[in-house]
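Taken together, the values in this text are just the output of simple stated rules run on the coordinates, not laboratory data. Nothing here was measured: the structure is a model prediction, and the numbers come from that model. Note: ideal-geometry Cβ built from the backbone for every residue, glycine included; neighbour counts use all protein chains shown.
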Amino acid sequence: MKLLNNLSEKQSHMKELCACLKTAQKAYISVAFLKMSGLDLIMGALETFFSNNGEIHIIAGLNFGLTEPEALTHLLNVLENYPASKLYLYETKSAESVFHPKMYLFETDKCGKIILGSANMTKGGITSNNEVSISFECKLDSDIWKQSMATFATYTSNSVPATLLRIEKYKNFYKKQQVYNKKIKPVPLTYEYAFDYDMLKKYLGEWSQESLENMFSKRKEKYRTAEKILNKIADKPLLPKEKVISLLNDLLDEWASGGLKRTKPFIHKYYKGFAELVRFIRANKSENADYVFSEAMKRVENMPYISVNCVTEIMISYNQKDFAILNSNPFSVLTKKVGVTFNYKDYRNFSGKEYAYYCDLIKEISKKLGFSDMIEADRFFNEIYWGNKG
């Protein structure tokens, strides 16, 4: 048995947690507060844990808005590669009941280790705060291990699996709560999510399945044609200017973007750079969204009017499963009607990381609504933007 108090390196929670992760086969963690500052300190040990085929289940509390959305998103992205491991968000059912445990359980084929005390998964909690916990080993058939696992199972049954949509809902509360946290005056536990997912479902219900299928199939046909035109531009680097401009005009008609059509003369001016951009995106269409978007945006820095919209139109033309169109229409629907918050108020300032998050969010929404790809989602957002109904 060991006392952990953060008063020395030997008795720090971080050292004990990392040591357990490096040897355990399974881990069960439930904490009231989860922050990037704490995750960063154990990531190396967590990588070792996963390399040893470890399985982890983590429950994070949302009371008081102290768990960081960034930490939840980061951990969710990490766990995507390990399907057996799960992240849960505890849903408090009553204003009189706060989720406040700090329980860490580690299992090997021989024994269990239990760490119980006051340390949350934060930098202060596992390194510098005056926290006190007990760390001890026990047999897997002992009463204390069975009781601990039963408690964790109860917490899990009162939790929901973390998704980008649920994190997005929580993010609005988190931002609102920061004002109160700075004054050390927590807002009431009961709160309403700003993320209006029900609005999307309600709007979708206004369309018949036949209307949707017809609408989506027409849009997809246009993108199949757009891909063929892009290939003609990319396949022959020495095409004369007049031919490239003719193809560009055909392409902009297929994309049906009013903004791009208005800037057509300026896009013509950079026809050579445009062709290079197409070749890059086509060659990297299977790479991750962060990389392709970041590198593509570097290539258009000196080509005014070949913008985020244009770049992502090319991207979705080549990969409708992973790349989403980013322009004012879907961005306005998500931020103004649905309540999504991004790190940037102007989509034209998106980094590659933010664009990848945007794509992941739309993928999740698409899955919920039954859309097959990003083209269907974009068409749906455009219909909402223009106020059309089925």
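Could you calculate the FRET efficiency of Asp109 with Gln11 from 1/(1 + (r/R0)^6), where r is the beta carbon distance between them and R0 is 35 Å, rounded to 0.05?
0.80
Identify all aspartates and glutamates with a Cα-Cα distance to Lys321 below 15 Å; exclude those on the same chain that are fewer than 8 residues away in sequence.
Hits, sequence-local ones excluded: Glu227, Glu287, Asp290, Glu313, Asp360, Glu364, Asp373, Glu376, Asp378.
Can you tell me how much longer the chain between Lys321 and Ser246 gets when fully stretched, taken as 0.36 nm per residue apart minus their C-alpha distance, in nm with one decimal?
24.1 nm
Please work out which option in (i) 1.18; (ii) 1.02; (iii) 0.97 gives Cα Rg over 2.2 N^0.38 Å calculated from these coordinates, and answer with its label.
(i)
I'd like to compare 270-278, 108-116: which one has the highest average count of other Cβ atoms within 10 Å, and what's the full order after that?
270-278, 108-116
Need the full-extension length gain, His100 to Glu47, defined as separation in residues times 0.36 nm minus the C-alpha distance. One decimal, nm.
16.4 nm
On a 32 Å Cα-Cα criterion, which of the cross-link pairs Lys15/Lys345; Lys93/Lys146; Lys220/Lys272 come out too long? Write out the running numbers ahead of the final one.
Working: Lys15/Lys345 40 Å; Lys93/Lys146 25 Å; Lys220/Lys272 27 Å.
Over 32 Å Cα-Cα: Lys15/Lys345.
Compare the peptides 259-266, 77-84 by average per-residue count of other Cβ atoms within 10 angstrom and give them in order, highest first.
Packing proxy ranking, top to bottom: 259-266, 77-84.
Taking the Cα centre of the chain as origin and charging only Cβ (+1 Lys, Arg; -1 Asp, Glu), how large is the dipole, in debye to the nearest 20?
That gives the chain a dipole magnitude of about 880 debye.
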